[in-house]
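K.L.:
One structure follows; several queries about it will come next.
Throughout, read-outs are computed from the coordinates displayed, never taken from laboratory work. A quick note: this is a predicted structure, and the numbers were derived from the prediction, not measured. Every residue, glycine as well, gets a Cβ built from its backbone with ideal geometry; the counts of neighbours run over all protein chains shown.
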Amino acid sequence: MNPGFLLAYLIDGLLIGFVYGIAAMGLTLIWGVMNVINLAHGPIIALGMFGVYLLYTGAHINPYLALLIVAAVGLGGGFMIYWIAIHRVINAPHLSTLLATFAVNMIIIGLGTAAFSTSPYTMDFSLGSLTLGVVTIQGTRIVAALAAILVTGGLYLFLYRTATGKYVRAVANNRAAAELMGIPSARILALSFGLGTLLAMVSGGLIATFFPFTILSGGAYELKSFVIGVLGGLGNPLGALAGGLILGLFEGIIPAFVPNTWVPVFEFLLFVLILLVRPTGLFGAKR
Amino acid sequence: MKHHGSLMTAILIALALVLAGCGSAPQAPTSGGAESSATTAPAAATTAPTGATKTVIIGYTASNTGKLNVESNRQSNGLNLWIKQINEAGGITLSDGTVITFDTRSYDDESNKDRVQELYSRLINEDNADFLISPYSSGLADASAVIAEQYGRIMITTGAASDDTYTKGYTLVYQAYTPASRYLTGAIDALKQQDPNVKKIAIVHENDKFSSDVSKALRAYAEAQGYEIVLDEGYDSNTTDFGPIINKVLQAAPEALLGGGHFQDGTTLAKQIAEKQLPLKFLALLVAPPEPSFADLGDAALGVVGPSQWETQAAFSEDAAKALGVEWFGPTGAEFVSAYQAAYGGEEPSYHAAGGYIAGLILQRAIEQAGSLDTEAVKAALDQMDVMTFFGRIKFSTAAESHGLQEGHEMVYIQWQAGADGKPEKQVVWPNEAQTAELLYPVR
């Protein structure tokens, strides 16, 4: 094979991997800190897509500026979902929180289908593209990758360099002990859910700048986020980013050698393998 | 250990829920708004006196939710327009003098094959549907056809093009659309006429029943015409990132690309092909291009060719029918378009909408010819049908191995070209007799 083509497969895979990583970060943060599997993750990603789309087409706000607004809405929306749907069942068995977030998932999809139908939306936005030989890279994807690095760095600094971040990690580690130390665990849980929602919305907003999307589009990223969460470990932003990159590489490279439909087979094989061999994930914290 | 066990269980439940998409709740049937049930006269009229009336129930499911919701709702709109028109015109008078009007019963099938079979059984057994219309899409229609045949109800399939359904020995299922096997073959003809030097073709298609059927037939036809298939690749229906596939196409270096699937993946593929500046002379995709909203892609839409079951510009006329020696039936294209726009807030009908309407029109013609609602009589009328409508010619195969397969109807091919204002405009480029503009070639 011409090495240029291999490079094209590689770069495409890596660039999409950054976006997978940031999409998964929201899920793994909530999962890791709260022990809640957020089944509304996909529709929230889709809301991020629509948020940026509506601000761009309706109010002509630059998509990256719109991303900041969407992030703020995501944080607030996350608080709201936490206090309404999750707070009361947070100590109940897994199935309760699972069903609570599944209900949120159905509500968002139902309202979204009513408002936007399931037809695809496309943002007519471009930052041009860069062509080197057979490799063509869109500007929007490069920016998305940079944004993913920025967000990961920010989240990492927040978790490991601030007092509130320390509280979050403490609650993740042992909620009862954290409460005994005077950490307001309910507020920390709400913050974690808010941050998770923010990350999901931001990833959706970034995806909307280069892929067409529908209200159902988040589902695919949610599924990938599960794989990435298991791959990278829970609650660790670097793990999620690394997991995303690995998955992106898989998707980029595998089709070069076998028919494209084999990709999920390899992805979920990896998922099962990691669950069996290293259930805390490649970069997971000791629990 | 216990913790891991419960986490694993939770993960598995979570995955199952995500994969299942959504749970289903029992539903009440949606009754068509066209006709109040006040006219429900002696339904089981054994010796109907002249002047008796009867309401005929048309049963169908629509994908009000799920990924097929746009096309499916347009199809329902078309069908409901026909119901409204026929009822306003006083219904159909049968040979025994009974006047029949129509009403519908429908459910939301959630774009889900499993739901379809359950719901069609309910339409037949509980709602007593007299005739059935298929759901949108080949997969769902195929699932519903089994039920229709099993319970001995006549079904007109529309929005469904797969050939397979009609090779299973069914006797009561009739197809309104041009079958998949003839969906993209015209694009090969158009390409051959335009540039006989092109030899290398790539086929990239969605991995569902319909698109795979089309691609298989396309491949056979193209190879018979002397083309070399340099890539034949399927993709999952939910694909959003076509990067790896486009890289494969780039590597195989074809001159033309044909394939696609449905609306979402088709628009995404077209957009990413343009962004990656794939050097193609000819690009033809299924389903997506004829949709009016394909124009939202802007420059990425330019040059893309798509087969369409029907277009508003399509000029099927009484004169054309006469030239073929076929009888004309139903409204003209212009009449259909204006009635549809009046009924649905000015929305231009897509071929899905026309497909919904034509299913009703076929049923109307068959009942009129039969002069009765008896299944055998209506079936005989359908078997003999050969009419020209605004949708095109309608004629069914009566051969045992392909009973009900559409034989009369032909596709038209559209291409998006830059209009006077630079915005993409839809033009009919093939066949030559329906052409509104020359084929734009090469694309880029």
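K.L.:
When you look at the Cβ of every residue in A:102-114, what mean number of other chain Cβ atoms sits within 10 Å? Don't skip to the end; give the middle numbers.
P.N.:
Values: counts 6, 0, 0, 4, 2, 0, 0, 4, 2, 0, 0, 4, 1.
Average neighbour count from other chains, rounded to a whole number: 2.
K.L.:
Right, next: Taking springs between alpha-carbon atoms closer than 10 angstrom, which of A:L65, A:L234, A:L27 fluctuates most in the Gaussian network model of chain A?
P.N.:
Among A:L65, A:L234, A:L27, the largest GNM mean-square fluctuation belongs to A:L65.
K.L.:
Something else about it: Using a Gaussian network model of chain B whose springs link C-alpha atoms within less than 10 Å, name the residue from B:D96, B:D213, B:D189 with the highest mean-square fluctuation.
P.N.:
Looking only at B:D96, B:D213, B:D189, the largest GNM fluctuation is found for B:D96.
K.L.:
Need one number: nm distance between label points at A:R88 and A:L68, each 7 Å from Cα along Cα→Cβ, rounded to one decimal.
P.N.:
3.8
K.L.:
Under a Cβ-only charge scheme (Lys and Arg +1, Asp and Glu -1), can you give me the dipole magnitude of chain A about the Cα centre, in debye to the nearest 20? List each step's numbers first, then the result.
P.N.:
Numbers: 11 positive and 6 negative charges, 173 e Å.
The dipole of chain A has a size of about 820 debye.
K.L.:
Quick one: which residues, 5+ away or cross-chain, put their amide H under 5 Å from the amide H of B:G59? H built at 1.01 Å from N.
P.N.:
Here B:R105, B:D130, B:F131, B:L132, B:I133 satisfy the definition.
K.L.:
Here is a follow-up. Build a GNM of chain A with springs between Cα atoms under 10 Å: which of A:A92, A:A148, A:A186 gets the top mean-square fluctuation?
P.N.:
A:A92
K.L.:
Hand me the GluC sites (Glu not before Pro) from segment B:80-178 located in a DSSP loop with no more than 13 other Cβ atoms within 10 Å, in residue order please.
P.N.:
B:E126
K.L.:
Now for a different question. Based only on other Cβ atoms within 10 Å, what is the fewest-to-most ordering of B:H403, B:H205, A:H87, B:H262?
P.N.:
Values: B:H403 19, B:H205 27, A:H87 15, B:H262 22.
Least to most surrounded, the residues fall as A:H87, B:H403, B:H262, B:H205.
K.L.:
Tell me, A:L99, A:L157, B:L278 in order of fewest to most beta-carbon neighbours within 10 Å?
P.N.:
Working: A:L99 16, A:L157 12, B:L278 19.
Starting with the residue having the fewest Cβ neighbours, the order is A:L157, A:L99, B:L278.
K.L.:
Could you run the Karplus curve 6.51 cos²θ - 1.76 cosθ + 1.60 with θ = phi - 60° over segment B:107-122 and give me ³J(HN,Hα) per residue in whole Hz, x for Gly and Pro?
P.N.:
These are the phi-based 3J(HN,Hα) values: 10, 8, 8, 6, 6, 10, 4, 5, 5, 4, 5, 4, 6, 5, 4, 5 Hz.
K.L.:
Quick check on chain A: helices-only [θ] at 222 nm, where DSSP H runs of length 4 and up contribute -39,500 (n - 2.57) each and the sum goes over total residues. Nearest 500, please.
P.N.:
Working: 11 runs with 204 residues, N = 287.
-24000 deg cm²/dmol, from helical runs alone.
K.L.:
Still on this structure, please answer the following. Can you put B:W82, B:W328 in order of Cβ neighbours within 10 angstrom, beginning with the fewest? The partial results should precede the final answer.
P.N.:
Values: B:W82 25, B:W328 16.
In increasing order of surrounding Cβ atoms, one gets B:W328, B:W82.
K.L.:
For a quick check of your reading of the filter: which chymotrypsin sites (Phe, Trp or Tyr not before Pro) in segment A:112-194 sit in a DSSP loop and have no more than 12 other Cβ atoms within 10 Å?
P.N.:
Here no loop site has a sparse enough neighbourhood.
K.L.:
Kindly flag which residue pairs out of B:K209/B:K281; B:K200/B:K281; B:K248/B:K271; B:K168/B:K209; B:K67/B:K209 have an alpha-carbon separation exceeding 19 Å in this structure.
P.N.:
Working: B:K209/B:K281 28 Å; B:K200/B:K281 11 Å; B:K248/B:K271 16 Å; B:K168/B:K209 15 Å; B:K67/B:K209 15 Å.
Distance filter (> 19 Å) returns B:K209/B:K281.
K.L.:
So, one more: Can you give the charge dipole size of segment B:329-444 about its Cα centre, rounded to the nearest 20 debye, using +1 on the beta carbon of Lys and Arg and -1 on the beta carbon of Asp and Glu?
P.N.:
Working: 7 positive and 15 negative charges, 49 e Å.
Here segment B:329-444 has a charge dipole of around 240 debye.
K.L.:
In whole Å, largest first, what are the principal axis extents of the Cα atoms in the protein assembly as shown?
P.N.:
89, 64, 47
K.L.:
For segment B:197-254, what is the charge dipole size about the Cα centre, in debye to the nearest 20, if Lys and Arg each add +1 at the Cβ and Asp and Glu each add -1 at the Cβ? Could you put the intermediate results ahead of the total?
P.N.:
On the way: 6 positive and 9 negative charges, 51 e Å.
Dipole size: approximately 240 debye.
K.L.:
I've got another one for you. Any idea which of B:W416, B:P254, B:I362 is furthest toward the positive side of the dipole for the protein assembly as shown, if Lys and Arg beta-carbons carry +1 and Asp and Glu beta-carbons -1?
P.N.:
With unit charges placed on the Cβ atoms, the residue in question is B:P254.
K.L.:
Hey, another quick one. Could you give the alpha-carbon Rg of chain B over 2.2 N^0.38 Å, rounded to two decimals? Walk me through the numbers before you get to the answer.
P.N.:
Numbers: Rg = 22.9 Å, N = 444, 2.2 N^0.38 = 22.3 Å.
The reported ratio for this selection is 1.03.
K.L.:
I'd like to know which of B:A160, B:G139, B:H205 lies farthest towards the positive end of the charge dipole of segment B:99-209, counting +1 on Cβ of Lys and Arg and -1 on Cβ of Asp and Glu.
P.N.:
So the residue furthest toward the plus end is B:H205.
K.L.:
Of A:F18, B:L405, A:A186, which is farthest towards the positive pole of the protein assembly as shown's charge dipole, taken about the Cα centre with +1 and -1 on the beta-carbons of Lys, Arg and Asp, Glu respectively?
P.N.:
Result: A:A186, furthest along the dipole toward the positive end.
K.L.:
OK, next. By how many nm would the segment from B:K423 to B:T375 lengthen if fully extended, with 0.36 nm per residue of separation less the alpha-carbon distance?
P.N.:
Working: separation 48, 0.36 × 48 = 17.28 nm, distance 5.02 nm.
Fully extending the segment from B:K423 to B:T375 adds 12.3 nm.
K.L.:
Let me ask another. Go through segment A:28-87 and name the chymotrypsin sites (Phe, Trp or Tyr not before Pro) that are in a DSSP coil and have 12 or fewer other Cβ atoms within 10 Å of their Cβ. Each step should come with its number before you reach the end.
P.N.:
Working: sites: A:W31, A:F50, A:Y53, A:Y56, A:Y64, A:F79, A:Y82, A:W83; in loops: none.
Those that pass, being in a loop and sparsely packed, number zero.
K.L.:
Give me the distance between the Cα centres of segment B:173-197 and segment A:201-251, rounded to whole Å.
P.N.:
Their Cα centres are 39 Å away from one another.
K.L.:
Which lysines have a Cα lying under 16 Å from the Cα of B:K379, excluding residues fewer than 8 positions away in the same chain?
P.N.:
B:K395
K.L.:
Let me ask you something else. For chain B, what is the calculated [θ] at 222 nm in deg cm²/dmol (nearest 500), taking -39500 (n - 2.57) for each run of four or more DSSP H residues and dividing by its residue count?
P.N.:
-11500 deg cm²/dmol, from helical runs alone.
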